[in-house]
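One structure is given below, encoded as structure tokens.
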Amino acid sequence: MKYRSVFDIIGPVMIGPSSSHTAGAARIGRAARHLFGREPKYAHVYFYGSFAETYKGHGTDVAIIGGLLDYDTDDTRIRSSLETASNRGIDVNFYEEAAQTDHPNTARIVIGDDDREIELVGISIGGGKVEITELDGFELRLSGSHPAILLIHNDRYGAIASATTILASHEINIGRMEVSRKAQGEQALMVIEVDQNIEDYVLNELERADHITQVARISD
Amino acid sequence: MFKNAAELVELAEKGNIPISEVMIRQEMEVKQVTREQVYTQMERNLDVMEKAVEDGLKGVKSHSGLTGGDAVLIQTYMKNHKPLSGHLLMDAVSKAVATNEVNAAMGTICATPTAGSAGCVPGTLFAVKNQLNPTRDQMVRYLFTSGAFGFIVANNASISGAAGGCQAEVGSAAGMAAAAIVEMAGGSPSQSAEAMAITLKNMIGLICDPVAGLVEVPCVKRNAMGASNAVVAADMALAGVTSRIPCDEVIDTMYKVGQRMPTDFRETAKGGLAATATGKKLEAQVYGNVQKS
């Protein structure tokens with residue numbers, strides 16, 4: 001079941017006008033920000049389907065950038081996010097794409113700075129709920145209905161064990177887990193959905209663990 | 001976890017508990033949190049809804065200028081006239097409109113189940129409240145009951161206008177409101193499901209055709225009609241009227257109709273009212289204004 005909580009239905013508390021095109025967009029942007037781990041210096045945002053047709057009217061552009069600035073759906077600063085981004089020297093570009101996608105509300109976001117770049121695809125499935133379906137070429141099914149940890153790790157033995165051992169030591173139950181890689185022996189992505197929000201100290205511990213190169217978290 | 005309306009009603013009737021209680025208990029179990037945590041979060045949502053209605057009744061205007069001020073017009077009319085459709089109905093309409101006017105003005109609202117359909121549930125709640133004089137607890141429960149039915153629609157059909165048209169948004173919202181009114185008025189769980197079915201049946205086929213892609217025209221007035229549809233259906237269900245087609249089959253039908261709906265009618269602003277001569281003229285005005293500012 002895609003929706004698990006009553007608060008997916010009665011909620012989120014948000015700045016209007018659209019739960020899918022504004023609140024959902026903010027959440028996709030914020031997921032990108034969290035996965036990147038810091039404020040990016042540039043953002044290229046590609047809109048597909050209904051997003052491409054109506055993003056101006058719904059403030060989808062404003063909301064995605066608000067998310068990239070780490071604003072939640074009910075943060076009134078969303079309204080002036082484009083100005084804020086511009087003042088902070090973030091180079092922002094939007095593109096309307098004609099290609100058909102599986103879901104009508106799809107956005108592809110490429111963000112980065114001098115050191116790093118990430119690319120992800122998010123879909124807004126209704127009522128403010130989102131899913132991240134692609135990260136740096138890794139396909140994933142990050143439902144967004146659960147808190148989750150994303151770990152980029154070396155594709156070698158022991159990487160998964162080092163992560164799960166840490167979670168076990170903190171009595172954190174894993175609800176769902178998937179591992180994907182582009183090629184053997186290179187980098188891999190571990191997505192772990194858990195039942196409760198992950199605290200900073202757990203994340204820090206994971207970051208120091210063997211074979212894990214990068215950590216990110218999605219909170220509920 | 002209940003998967004459909006039949007299971008939800010059965011859980012409530014077997015346990016001799018209201019639907020709101022089924023929803024609260026499920027939420028506690030799924031999230032592994034206390035009753036107090038679940039309850040407090042919903043109370044906060046109720047506060048946001050109350051504030052949005054208040055703000056809307058003071059009068060707001062959207063950036064585009066397409067919507068705003070109608071909630072005030074209706075309230076003023078109600079003070080000076082005896083509304084033909086009755087005081088409670090027009091009160092619900094004005095409060096639904098108020099919420100969506102605040103939403104269109106990028107104000108703070110609570111999505112129920114979406115922002116574009118955020119008026120139906122609070123609009124009916126704050127109108128029915130004046131007649132039924134519920135406790136604060138009953139008002140919070142109203143939201144859990146609405147949420148329970150929205151949960152079923154979201155998981156078995158859709159609550160996205162881009163995926164299923166307006167029937168998936170305002171249709172779902174109105175059905176959720178109808179079910180919650182029934183519980184607040186002392187109806188049974190199965191009567192709540194009947195009210196949901198009766199409401200949604202009358203919203204099947206409704207397309208999503210926002211002028212200029214804005215959640216304003218016709219969204220605000222669709223919430224007005226969604227709210228009135230909900231109040232009427234709740235009264236019918238409380239009278240003992242049942243839907244010949246069961247609630248779950250109505251929800252499934254809404255889903256199938258949505259799947260066959262052309263993309264022009266699913267939140268692309270390419271068809272329906274958005275494609276009328278006036279719709280196009282308004283769109284040109286709106287984006288002309290945006291570029292100038």
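Looking at B:Gln285, B:Ala71, B:Gln32, which one has the Cα that reaches farthest to the positive end of the dipole of chain B (charges on Cβ: Lys, Arg +1; Asp, Glu -1)?
Value: B:Gln285.
How large is the dipole of segment A:148-218 about the Cα centre if only Lys and Arg carry +1 and Asp and Glu carry -1, each at its Cβ, rounded to the nearest 20 debye?
Numbers: 6 positive and 11 negative charges, 59 e Å.
Around 280 debye, computed over segment A:148-218.
Given charges of +1 on the Cβ of Lys and Arg and -1 on the Cβ of Asp and Glu, with all other atoms neutral, how large is the dipole of the protein assembly as shown about its Cα centre, in debye to the nearest 20? Before the final figure, lay out the partial values.
Numbers: 47 positive and 62 negative charges, 302 e Å.
It works out to roughly 1460 debye.
Can you give the convex hull volume per residue for the Cα atoms of the protein assembly as shown, as a whole number of Å³?
Numbers: hull volume 74.7 nm³, N = 513.
Normalising the Cα hull of the protein assembly as shown by residue number yields 146 Å³.
Only Cα pairs under 8 Å and at least 6 apart count here; give the relative contact order of chain B as a rounded whole percent. Don't skip to the end; give the middle numbers.
On the way: 556 pairs, mean separation 57.9, N = 293.
Answer for chain B is 20 percent.
In degrees from 0 to 90, rounded to the nearest 10, what is the angle of the helix B:5-15 Cα long axis to the longest principal axis of chain B?
40 degrees
Tell me the net charge near A:Val191. Cut-off is 13 Å between Cβ atoms, A:Val191 excluded, with +1 for each Lys or Arg and -1 for each Asp or Glu.
Working: positive: A:Arg141, A:Arg176, A:Arg181, A:Arg217; negative: A:Glu131, A:Glu134, A:Asp136, A:Glu139, A:Glu178, A:Glu193.
That works out to -2.
Averaged over B:163-172, how many beta carbons belonging to a partner chain fall within 10 Å of each residue's beta carbon?
For this peptide, the per-residue mean of nearby foreign Cβ atoms is 2.
Take every residue in peptide A:76-82, count the Cβ atoms of other chains within 10 Å of its Cβ, and give the average of those counts. Mind showing how you got there, number by number?
Numbers: counts 3, 0, 1, 3, 0, 0, 0.
Per-residue shielding by partner chains comes out at 1.
Sort A:35-44, B:90-99 for me by packing, meaning the mean count of neighbouring Cβ atoms within 10 Å per residue, highest on top.
Values: A:35-44: 17.5, B:90-99: 29.6.
The peptides rank, most packed first, as B:90-99, A:35-44.
Quick one: plug the Kirkwood hydrodynamic radius of chain B (C-alpha pairs) into Stokes-Einstein at 25 °C, 0.890 mPa s, and report D in µm²/s.
On the way: Rh = 18.9 Å.
Result for D is 129 µm²/s.
About the Cα centre of chain A, what is the dipole size in debye to 20, counting +1 per Lys and Arg Cβ and -1 per Asp and Glu Cβ, all else neutral?
Working: 21 positive and 34 negative charges, 62 e Å.
Dipole of chain A, to the nearest 20 debye: 300 debye.
Once you have the Kirkwood Rh of segment A:148-218 from its Cα pairs, apply Stokes-Einstein at 20 °C and 1.002 mPa s and quote D in µm²/s.
D = 179 µm²/s.
Fewest to most neighbouring Cβ within 10 Å: what's the order for A:Thr164, B:Thr112, B:Thr278?
Working: A:Thr164 15, B:Thr112 31, B:Thr278 10.
In increasing order of surrounding Cβ atoms, one gets B:Thr278, A:Thr164, B:Thr112.
Among B:Val128, B:Leu8, A:Ser50, pick out the residue whose Cα is farthest towards the positive end of the charge dipole of the protein assembly as shown, where Lys and Arg carry +1 and Asp and Glu carry -1 on C-beta, about the Cα centre.
Of B:Val128, B:Leu8, A:Ser50, it is B:Val128.
Residue by residue through A:48-59, how many Cβ atoms from other chains fall within 10 Å of the Cβ on average?
Values: counts 0, 5, 12, 3, 1, 9, 11, 1, 6, 15, 8, 4.
Mean inter-chain Cβ contacts per residue within 10 Å come to 6.
Below 30 Å, Cα to Cα, which lysines can B:Lys281 reach? Residues fewer than 8 away in the same chain don't count.
Reachable lysines: A:Lys56, B:Lys58, B:Lys61, B:Lys95, B:Lys221, B:Lys270, B:Lys292.
In a shell of Cβ-Cβ distance under 12 Å around A:Phe138, excluding A:Phe138 itself, what net charge do Lys and Arg (+1) and Asp and Glu (-1) give?
Neighbour charge sum, excluding A:Phe138 itself: -4.
Which one of A:Ile160, A:Gly89, A:Ser18 is farthest out on the positive end of the charge dipole of chain A, using unit charges on Cβ (Lys, Arg +1; Asp, Glu -1) and the Cα centre as origin?
Positive-most Cα among the choices belongs to A:Ser18.
Do any GluC sites (Glu not before Pro) in segment A:166-220 lie in a loop, going by DSSP, with at most 12 other beta-carbon atoms within 10 Å of their beta carbon, and if so which? Don't jump to the answer; show the numbers that get you there.
Values: sites: A:Glu171, A:Glu178, A:Glu186, A:Glu193, A:Glu199, A:Glu205, A:Glu207; in loops: A:Glu171, A:Glu186, A:Glu199.
Sparse-neighbourhood loop GluC sites (Glu not before Pro): A:Glu171, A:Glu186, A:Glu199.
Expressed as an acute angle from 0 to 90° and rounded to the nearest 10, what is the orientation of the C-alpha long axis of helix B:87-104 relative to the principal long axis of chain B?
Tilt relative to chain B: about 60 degrees.
With everything on Cα atoms, drop me the angle between helix A:49-58 and the longest principal axis of chain A, reported from 0 to 90° to the nearest 10.
Approximately 60 degrees, to the nearest 10.
Under a Cβ-Cβ cut-off of 12 Å, what is the net charge of the residues other than B:Cys247 that fall near it, where Lys and Arg count +1 and Asp and Glu count -1? Please report the intermediate quantities before stating the final value.
Numbers: positive: B:Lys201, B:Arg244; negative: B:Glu7, B:Glu194, B:Asp248, B:Glu249, B:Asp252.
Neighbourhood net charge equals -3.
Every number in this text was worked out from the coordinates using simple rules, so none of it is lab data. Bear in mind the structure is a predicted one, so any value in this text is a computation, not a measurement. So basically every Cβ, Gly included, is an ideal-geometry build from the backbone, and we count neighbours across all protein chains shown.
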